[in-house]
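Any read-out appearing in this document is the output of simple, stated calculations on the displayed coordinates, not a laboratory observation. Computed from a predicted structure; not experimentally measured. Reconstructed Cβ throughout: ideal geometry from the backbone, glycine too, with neighbour counts over all protein chains shown.
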């Protein structure tokens, strides 16, 4: 059965937030028929309109056909034909719209003279012989296009219908309820992407598909930008690409699509970097080669002509480097002044009438630090640290009404400590938090994001551009963003399930970039960390497979591209590295299974290549060949290796007969080194202490160190010790879980034992317990550690104008908290300052160390550092400076920076003296905004090393 689509709205204002699909007949008098069995309306635009209006009318006709199968006729005639019509226009450009305005049937005053706004309105009896009209009128050419694509999206055409093969929602009939919708303008004026680091993947794909980065390729990019309500592009610029020189149609067609072209941070004056070598201009040095550079730049502005552009000004060194060893402020001022003179001379109008941008990127920040400021009409483009952490924001005294600011952000980067380019490693929650900070600090004229090869960054691109369009989105709205996006691409049936696995995949992959994974990234001995990571990925993969099987064939390709393939590839890669880590550890322990893990690593490495081949060759008949060809295994420096290289593995030689080995989880282990512990005065194997609150279940991992089958037995020496099994026969390894029957266990402290036998050997393992714990509440210590997720506070105190906000899903393990507004004034810790509290219990007194796990925020204020305050109970608050010791760095060579961005976490430790046993309150005060808390780990003497930190402790209600 075929359905028809109704865009359900409420008069008099049309809302696009509600869509109802029904097979029931409706009262046609209340709806405008975009498509039905009787007729399809004619789409009208005026021949004098900008070419983008003509293109938008054509896109609307095509989209109606995609959905309904019926092509609406498109006409530029000045008279309205009989029957219903759709008018696509801009204010003041369409005689038909002007007639409706004069007849008071349409009011365009709310958008007149505005930036990129639009009205969508149905009009009854607009002209003689016309019963109804649907008017899509923009304040400017892009406003009209955004109105059209808003309607297309609600009809069921995803912005990613071509770039991710998202199926169009088919409906024979499309009805729009009569009403009027007046859009808001965008929150950020210029919003766009940077195609960068585009070889080998995007480059080879574009060559094969389009013959290179020509205007045919870029038309697909321009359309994608418009459908995502973007308007700005830094084009591909890696060797040997030169946007305007390689295909003169590139900028012309961009202007037809209303896309504002600019050039990257080291490509001034509308010139691509690689044009300089073709120009044979000599040294890239303004002090020694000024005239040639001016000639070169003048050519760039002349070629720009009347195309809507943003001209990059300033100068960096040749090839994305510093201009000189010293910060030559006077020279930079001269360069920009000379460039503005060229702009004025070539455009025939004052320089301030041509949009310009000065990029504060890498070493250029030094100029800003030394007080250099450009003319107020030039957009000062700040940047993150290439890893999603904002480096600099304008001081409040610099936020005048006329000054313009922008932000350059990264989803992809080639550089230190290790490049990340293969898959998405950016949480949209982090984007929200950092760009909310950016917006609150007055950066509202330009938002640009480096997206690398474009695929597979589809989801974060959608979010970045949606948020740039409308920054009213709150942290609490983020979970629904996943749902709405999943529903747009895959329909409503599985949207919530898909949203959940997408949110977790983004979290897991953001913990450490795939390129930086190593065999020892996750601990193989503490907190079951490596196994938990693999189990989390495999659970996602299992859920993704189940959804994939349920989806109709029409949706499988898009789901594979946007959800399943990234999970499958990343799960495989993580498992390969964990297997390599086990191979190394097990070889050191002399385990027979070390060799099997060496083979497993090889198998998973080959599977990585096979998954890539499937993406290239089997997906959409090879449409996306080359797109996943970025190397991602075997990095030894910041730059990508020439080919994927399997992690090193070891093989061991072993006795042909079985030999007993075992490992005690969370305890003291025997030292197998060709001798046993017995008779040598060495420590005896023992578990950490068990207690009745945490009810631990630790494993004893039995393993074979020889070539035969190992028969083993485990005998509890006490009736209160429980085992998951008491004997077994193994070729490699097996876990036996040990726990306590607390109804039988003695009171107080006691130590039991289990007897381990196998291959003629016998060992005793101690099982200590503590069965006299004090009353506990809150988060409870487990063998010297209390772990608390920051969003699990028991109470919070907000001030009149400042409040704590939970950012769901942000962080490596759970959710995070931060302060809003993000530009709040610094606070002094005290009763009236914003505060969160956590209750916890420790069993033994002493000094405590509290590790705060923080998102790796940079000191964007450029003051002495961002701070928070911490205390246990009623002690004097400790002021912690999260940027202490971070002297002004060359970020890419600073050890503290490399570690914080590699780990995607910053840890700050405070020491609290002589804390007594029992219940306590951990208090955290806001001092500076922008600090993001993910987790707190209280070390009472038992903290073990791991990447993610210990899992959250048991939380008992008071």
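Using only Cα atoms, tell me the angle between helix 141-155 and the longest principal axis of the chain; keep it within 0 to 90° and round to the nearest 10. Computed tilt is about 60 degrees. Helical runs assigned H by DSSP (4 residues or longer) give the chain a calculated mean residue ellipticity at 222 nm of -8500 deg cm²/dmol, each run adding -39500 (n - 2.57) before division by the residue total. May I ask for the distance between the Cα centers of the range 428-479 and the range 72-137, given as a whole number of Å? Between the Cα centres of the range 428-479 and the range 72-137 lies a distance of 34 Å. Using the Cβ-Cβ distance between residue 887 and residue 333 with R0 = 30 Å, the FRET efficiency computed as 1/(1 + (r/R0)^6) comes to roughly 0.65.
Which value does Rg/Rh take for the range 753-826 over its C-alpha atoms, Rh per Kirkwood?
We get a ratio of 1.31 for the range 753-826.
Semi-axes of the equivalent ellipsoid of the range 778-956 are 24, 20, 15 Å, computed as sqrt(5λ) over the eigenvalues of the C-alpha gyration tensor in descending order. Using the Cα gyration tensor of the range 190-473, with a ≥ b ≥ c the square roots of its eigenvalues, what is the shape: rounded (a/c below 1.5), prolate (a/b larger than b/c) or oblate (neither)? It is rounded, given that a/c, with a ≥ b ≥ c, falls under 1.5. When you restrict to C-alpha pairs under 8 Å that are six or more residues apart and normalise by the size of the chain, the relative contact order lands at 9 percent. Annotation: the residues 578, 414, sorted from fewest to most other C-beta atoms within 10 Å of their own C-beta, follow the order 414, 578.
Shape verdict for the range 4-182, please, from the Cα gyration tensor: rounded (a/c under 1.5), prolate (a/b greater than b/c) or oblate. Please list the in-between numbers first.
Values: a/c = 1.44, a/b = 1.24, b/c = 1.16.
Note, shape of the range 4-182 comes out rounded.
Axis angle, to the nearest 10 degrees, between helix 428-440 and the longest C-alpha principal axis of the chain: 60 degrees.
Each DSSP beta bridge with both residues in the chain is either parallel or antiparallel, and the antiparallel ones are about 70%.
Pairs of Cα atoms nearer than 8 Å and 6+ residues apart set the relative contact order; for the range 190-473 it is 19 percent.
What is the gain in length, in nm to one decimal, between residue 671 and residue 772 on full extension, counting 0.36 nm per residue of separation less the C-alpha to C-alpha distance?
33.1 nm
With neighbour counts taken as other beta-carbon atoms within 10 Å, the residues 82, 397 rank, fewest first, as 397, 82.
Set the Förster radius R0 to 30 Å, insert the Cβ-Cβ distance between residue 709 and residue 684 as r into 1/(1 + (r/R0)^6), and round the FRET efficiency to 0.05. Write out the running numbers ahead of the final one.
On the way: r = 27 Å, r/R0 = 0.91.
Between residue 709 and residue 684 the formula returns 0.65.
Overall form of the range 298-394: prolate. Here a/c, set by the Cα gyration tensor axes a ≥ b ≥ c, is 1.5 or more, and a/b is the larger of a/b and b/c.
Residues of the range 809-835 with an amide N closer than 15 Å to a point placed 7 Å from the Cα of residue 187 along the Cα-to-Cβ direction: 820-823.
Here the gap between residue 803 and residue 554, fully extended at 0.36 nm per residue and compared with their Cα-Cα distance, gives a gain of 85.0 nm.
Counted residue by residue at 0.36 nm each, then reduced by the alpha carbon distance between them, the extension gain from residue 539 to residue 288 reaches 84.2 nm. Model label sites at residue 28 and residue 109, defined 7 Å from Cα along the beta-carbon direction, differ in position by 3.6 nm. Tell me the label only: which of (1) 214; (2) 197; (3) 239 is volume of the Cα convex hull per residue in Å³ as calculated from this structure? Correct label, based on the coordinates given: (2).
Among 860, 307, a tally of other beta-carbon atoms within 10 Å of each Cβ gives an order, fewest to most, of 307, 860. Working from label points 7 Å from Cα in the Cα-to-Cβ sense, the residue 731 to residue 755 distance is 3.1 nm.
Cα centroids of the range 587-602 and the range 641-672: 5 Å apart.
Label sites at residue 618 and residue 722, each approximated as a point 7 angstrom past Cα along Cα to Cβ, lie 4.5 nm apart.
Counting only DSSP beta bridges with both residues in the range 4-182, the antiparallel share comes to about 55 percent.
Return one number: the angle in degrees, 0 to 90 and rounded to the nearest 10, between the long axis of the Cα atoms of helix 495-510 and the longest principal axis of the Cα atoms of the chain. Approximately 70 degrees, to the nearest ten. Go ahead and collect, in residue order, the members of the range 847-876 whose backbone nitrogen is under 18 Å from a label point 7 Å along the Cα-Cβ direction of residue 894. Under 18 Å, as judged by backbone N against the label point of residue 894, lie 854-868 of the range 847-876. Its relative contact order, with pairs defined as Cα atoms under 8 Å and 6+ residues apart, puts the range 782-908 at 21 percent. With the largest listed first and rounded to whole Å, the semi-axes of the equivalent ellipsoid of the range 49-131 from the Cα gyration tensor are 21, 17, 12.
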